[in-house]
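One structure below.
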Amino acid sequence: MKERPSSRQKILLPLCVLLAALALWSLLSVLRLFPESLFPSPGQVARGFYEEMQRGRLFDDTIASLFRVSVGFVLAVVLGVPFGLWLGHRVGARMAFLPVINFFRSLSPLAWIPFAILWFGIGDTPAIFLIFMAAFFPIVLATLSAVAGIPTIYFRVAQDYGIGGVEMLCRVTLPAIMPQVITALRVTAGLSWLVVVAAEMIAGRDGLGFLIWDARNGLRSDLLVVGMIVIGFMGVVIDRILVQLTRIPSVRWGYER
Amino acid sequence: MSDKRIELQDVSHAFGTVEVIKSLNLTISDHEIVAIVGPSGCGKTTLLNLLSGHEPPSSGSIQRVGKARMIYQQDGLFPWLTVEENIALGLRHQKDEEARRRQVRDLLTFIRLEGFAGHYPHQLSGGMRQRVELARALAGETDILLMDEPFSALDYITRLRMRHELAEIFNERPRTVILVTHDIEEAAQLADRIVVLSERPARIINVIPIRLPRPRNLTHPLVVEAIHCILAQMGLEDAVIGPELQPAKA
């Protein structure tokens, strides 16, 4: 049988790795193997972090990025899931749309950056557009394949028990695809967070992506690392929030086969 | 006959070029329990699918009076609903909340899963899931039950006990039952008539009536006789058929 880690181990073990990484980083900067402007020390980064917090810019940038991701992602979900449902139920429509959807899913959302700027200028809109383009197609694909894969037996049982129409959608189709859709949401939310950074680097005047781009331009490698840490940390936070969805009792079956 | 529930007339079915069922004629009366036995892969499950109306036959006609529920071999439970919610699905038309809860509780007692109301299907063993399927189908007022090997995942003792209790449930609230099984004992203990099918394409090779009240002892001479009769029919035992059970032609 596999050993179950205790809750203390769950905290202590990752903490050890973190501290070791920090120690290595400190060592490398103490040894001055690289010029200070290219390889900031943990102390410099901590000071940079404090400075940014004082100015309130870090907070504002984080909020700006989160706002863009939320809007773009929610739009993609609200439009993508129903579209996927429809395609999942209609073989003809699926055949018609699938090549196009696969094409756009394979097209890097970053390739849209020039058009995003040409069409929407600088600010929230191009970033939201890019996030939408990144999230929409994977969500449609995941939903439609989940719908197409629902075992026929569920629909037969539903018919036997007098379930039909809208009730069929709410009580059979949606719960049946929920585990797969939640997985797709986690993946696409991560993708959206990757895209927002790139979008803001090029088409932004604020946001975490702009923060690190601006830090590079100002040769503030300490702030660059601050931005990187916050971006990584927020990405983990977003995923931790979405992972809570997989703990809902009525979707556990999808992850515990 | 006015109490006819199900009538199959010259029903044939094929998947592509594979003939599964050939020229089947069968009439099932109200409250009759008919067991269908035959070699595996002979088309028993297909026959149930046709009877349920989920699949139309390639040719011939099937008439069915009243609603039917199918009890699947496995995985017919909704995995996103708890045991209790799955069973309550069978009582959807029971408006009285309290009555519904009581009936679910009674059914849980019947399948001996009282402590499992809040469990999800994936947390149960195969045999437990089968029992929940049975409870869900029995809940409510459905007249026709189509059972596809409903006890196949149960251990021998549980199977015997479930058979016994099912027989009593049917005594209390008679229903028309078509029971597909390859458990010949099960057929002999529960059925009014046993239909023996041939290898694919399935034809009826014999119909064995058993006139004996339920629940029946497994060792009752007539039950033993019927078992022998089926085994002989399937070429698994030497045929010495007693006078009470002279096979009636279909």
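Restricting to the range B:47-88, what's the tally of residues that are over 18 Å from residue B:126 (Cβ atoms) and either touching a residue at least 60 places away in the same chain (Cβ under 8 Å) or part of a loop (DSSP other than H, G, I, E, B) (or both)?
Residues of the range B:47-88 over 18 Å from residue B:126 (Cβ atoms): B:47-69, B:80, B:84-85, B:88.
From what's left, either touching a residue at least 60 places away in the same chain (Cβ under 8 Å) or part of a loop (DSSP other than H, G, I, E, B) (or both): B:47-48, B:51-58, B:64-69, B:80.
Qualifying residue count for the region: 17.
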(Q) Taking the conditions exactly as written (surrounded by 10 or more Cβ atoms within 10 Å (Cβ to Cβ) and touching a Lys or Arg at 6+ places or on another chain (Cβ under 8 Å)), does residue A:43 satisfy them or not? (A) no
Q) Can residue A:196 be described as under 23 Å from residue A:76 (Cα atoms) and touching a Lys or Arg at 6+ places or on another chain (Cβ under 9 Å)? A) yes
Q: Scan the range B:216-240 residue by residue and report those that are surrounded by fewer than 17 Cβ atoms within 10 Å (Cβ to Cβ) and in a loop (DSSP other than H, G, I, E, B).
A: B:217, B:218, B:219, B:220, B:235, B:236, B:237, B:238, B:239, B:240
Q. From the set of residues in the range B:77-95 that are among the charged types (D, E, K, R) and more than 11 Å from chain A (Cβ to nearest Cβ), which is surrounded by the fewest Cβ atoms within 10 Å (Cβ to Cβ)?
A. B:95
Q: Go through A:194, A:174 for me and flag whichever is within 14 Å of another protein chain (Cβ to nearest Cβ), part of a helix (DSSP H, G or I) and on the phi < 0 side of the Ramachandran plot.
A: A:174
Q. Counting just the residues of the range A:139-154 that are part of a helix (DSSP H, G or I) and within 9 Å of another protein chain (Cβ to nearest Cβ), which one comes out surrounded by the most Cβ atoms within 10 Å (Cβ to Cβ)?
A. A:154
**Q.** The lone exception for residue A:182 - which of (1) farther than 30 Å from residue A:155 by Cα; (2) within 14 Å of chain B (Cβ to nearest Cβ) it fails
**A.** (1)
Q. So which residues in the range B:138-161 are of a type in the set (Val, Ile, Thr) and assigned to a strand (DSSP E or B)?
A. B:144
Q: Identify the single condition in (1) modelled with pLDDT of 90 or more; (2) under 24 Å from the mean Cα position of the chain (by Cα); (3) more than 14 Å from every other protein chain (Cβ to nearest Cβ) that residue A:222 does not satisfy, given that it satisfies every other one.
A: (2)
Q) Within the range B:96-137, can you find the residues that are surrounded by fewer than 20 Cβ atoms within 10 Å (Cβ to Cβ), part of a loop (DSSP other than H, G, I, E, B) and either of a type in the set (Phe, Trp, Tyr) or within 14 Å of another protein chain (Cβ to nearest Cβ) (or both)? A) B:117, B:118, B:119, B:124
Q | Subset of the range B:24-54 that is surrounded by fewer than 17 Cβ atoms within 10 Å (Cβ to Cβ) and modelled with pLDDT of 90 or more - its residue that is farthest from the chain's Cα centre (by Cα) | A | B:25
Q: Scan the helices (runs of 4 or more DSSP H) fully inside the range A:33-124 and keep the ones with 2 or more residues being under 24 Å from residue A:147 (Cβ atoms) and in the same structural domain as residue A:241 (by TED's automatic domain parsing).
A: A:57-89, A:91-106
Q.
Please go through (1) touching a Pro at 6+ places or on another chain (Cβ under 9 Å); (2) at pLDDT below 95 for residue A:188 and return the number of the only condition it doesn't satisfy.
A. (2)
Q | Residues satisfying the stated conditions in the range A:225-255, i.e. surrounded by 12 or more Cβ atoms within 10 Å (Cβ to Cβ) and within 14 Å of chain B (Cβ to nearest Cβ) | A | A:245, A:246, A:248, A:250, A:251, A:252, A:253, A:254, A:255
Q: Please enumerate the residues belonging to the range A:234-247 that are over 28 Å from residue A:58 (Cβ atoms) and in contact (Cβ under 8 Å) with a residue 40 or more places away in the chain.
A: A:245, A:246
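Of all residues in the range B:167-182, how many are in contact (Cβ under 8 Å) with a residue 60 or more places away in the chain and surrounded by fewer than 20 Cβ atoms within 10 Å (Cβ to Cβ)?
Within the range B:167-182, residues that are in contact (Cβ under 8 Å) with a residue 60 or more places away in the chain and surrounded by fewer than 20 Cβ atoms within 10 Å (Cβ to Cβ) number 3.
The values are calculated or read from the model by the stated rules, or taken from the named source; none is laboratory data. In this text, all values refer to a predicted model and were calculated from it rather than measured experimentally. Cβ coordinates were reconstructed from backbone atoms using ideal geometry, including for glycine residues, and neighbour counts include every protein chain displayed.
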